[in-house]
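One structure below.
The values are calculated or read from the model by the stated rules, or taken from the named source; none is laboratory data. What you are looking at is a predicted structure, and each value in this text was computed from that prediction instead of being measured. Please note: Cβ atoms are built from the backbone with ideal geometry, for glycine as well, and neighbour counts cover all protein chains shown. We work out accessible area using only protein heavy atoms, side chains counted, and drop any ligands, DNA or RNA first. Shrake-Rupley method; radii C 1.70, N 1.55, O 1.52, S 1.80 Å.
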Amino acid sequence: MSKLRTFYQNRYLISRLDLADSGETNRLHILFISPFLFAFGIIDLIVLLTLQITRGGVNTASFIYFGAFTVMSAGMFVYAQWSKKLSREKAYIGKTIPFYVLLATGLVAAVYNFYILNQPFNGVLVYCLCGFLSLIAFSFSPLCFLFTMTIGLGFLIPGVYAHFGLTGLLDTILVTVVTSCCAFYRRRVEKKYIMLLKKQMQSLEAKTFGNFTLLYEGSVVKFSRTKSTELLAYLIYKNGSSVKTKELISVLWGDHADSARYGASLRNLIVDIKKSFADREIQNFFIAEYNNFRINPEIIRCDYYDFLSGDKEAIKNFAGEFMNQYSWAEDVASFLERKVLS
């Protein structure tokens, strides 16, 4: 057992801090998916109500199920908004909780379709979709995934065998085995990729005390547009938190800047940053997802991050100046000075 645990840790275990960026991706995916699920639940409730009025009778179980489904979808959206504030130490677990809720809900839906609605084919289809869509959209623990899928399979086994025979049962088990193997393989690839990115940390460095400077392998990273540097500086200051388009436009062009007018300018900056990083083969540092932008702070050395972690050398090197060329950084400099005094 000890050897098995060691084998798992060496091949698949990733620290929560290293997975903080994956947790943020999970959060953004939940923000994107949950409104569609909410709309689906509302439509189903309307259809059920219409059928009740026109045909008479009420399916209490269906109302309870779709009502809970709708409330759960809204709750996931609200929670995903709130979890943006979580620290990076708590980010992965906190921001991945809605995924497990979503997976469990999907498996409950599979059992509900199979036994309550008496639609065996739909039940098996929903079960399979839960597994494959999870692999596509989320980062998660393969052990937790295997455990959850196995529980769902346990509920379905009697019904699948009764309706589809031994062949149908073996196919359903095969889906569970294949998706679980893919989950372990994905986590293995994810770990290798994170280790590769951490090596990149030795080459990528941000200097924020004084004027902001971004270095790669000792050379200054230059962009074709001046605002590109400021955009990146702001995201580095945000320390991995996602920033929306409206906030970036406000920071770069002022509080009263028109989003419609400057949206194209912002897109040009994003293209400029991506091109400069691609030319230098800097990977997975600047991330743009669903109108949210951030950097991965785990793969860059930064005096500001060292300061926040309590590094004595970084605190000693701070002389009251922080990204001097940007007006929005003045308040940050004052905040850092107060931390030094305290």
* Structure fact -> Heavy-atom accessible area of the range 144-185 with neighbours in place, 1.4 angstrom probe: carbon+sulfur share in percent works out to 82 percent
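Need one word for the range 1-133: rounded, prolate or oblate. Basis is the Cα gyration tensor (sqrt eigenvalues a ≥ b ≥ c); a/c below 1.5 gives rounded, then a/b vs b/c decides.
Working: a/c = 3.61, a/b = 1.76, b/c = 2.05.
Taking the square roots of the gyration eigenvalues as a ≥ b ≥ c, the range 1-133 is oblate.
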* Asked: In whole percent, how big is the carbon plus sulfur part of the accessible area of the range 60-114, probe 1.4 Å, protein atoms only?
  -> 78 percent
* 20 Å cut-off, amide nitrogen to a point 7 angstrom out along TYR8 Cα→Cβ, residues in the range 149-165 -> 149-154
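Can you check what the net charge comes to around ILE299, using other residues whose Cβ is under 10 Å from the Cβ of ILE299 (Lys, Arg +1; Asp, Glu -1)? Mind dumping the intermediate values first?
On the way: positive: LYS198, LYS199, ARG301; negative: ASP18, ASP21, GLU298.
So the surrounding residues net to 0.
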* Which of these, ARG294, ARG16, ARG27, has the largest mean-square fluctuation under a Gaussian network model of the chain (Cα springs below 10 Å)? -> ARG16
* Compute the long axis of helix 142-200 from its Cα atoms, compare it with the longest principal axis of the Cα atoms of the chain, and write down the angle in degrees, 0 to 90, nearest 10. => 10 degrees
* Asked: Rounded to the nearest whole Å², what accessible area per residue is found for the range 1-159 with the 1.4 Å probe?
  -> 53 Å²
* By the scheme Lys and Arg +1, Asp and Glu -1, what is the net charge of all other residues having a beta-carbon under 12 Å from that of SER276? -> +2
* Asked: Per residue and in cubic angstrom, what volume does the convex hull of the Cα atoms of the chain have?
  -> 188 Å³
* Asked: Given a 1.4 Å probe and every protein chain left where it sits, what share in percent of the accessible area of the range 277-331 is carbon and sulfur?
  -> 39 percent
* **Positive-end extreme of charge dipole, the range 85-193 - chosen from LEU103, TYR193, VAL124 (charges on Cβ)** => TYR193
* Structure fact -> Scan of the chain for GluC sites (Glu not before Pro) in DSSP loops with at most 16 other beta-carbon atoms within 10 Å gives a longest site-free stretch of 1-216
* **the chain: most fluctuating residue of THR150, THR105, THR54 per GNM, C-alpha cutoff 10 Å** => THR54
* For the chain, with a Gaussian network of springs between Cα atoms less than 10 Å apart, report the residue from GLY123, GLY23, GLY263 with the top mean-square fluctuation. => GLY263
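With viscosity set to 1.306 mPa s and temperature to 10 °C, compute the Stokes-Einstein D of the range 203-286, Rh being the Kirkwood radius across alpha carbon pairs; µm²/s, no decimals. Each step should come with its number before you reach the end.
On the way: Rh = 13.5 Å.
Reported coefficient: 118 µm²/s.
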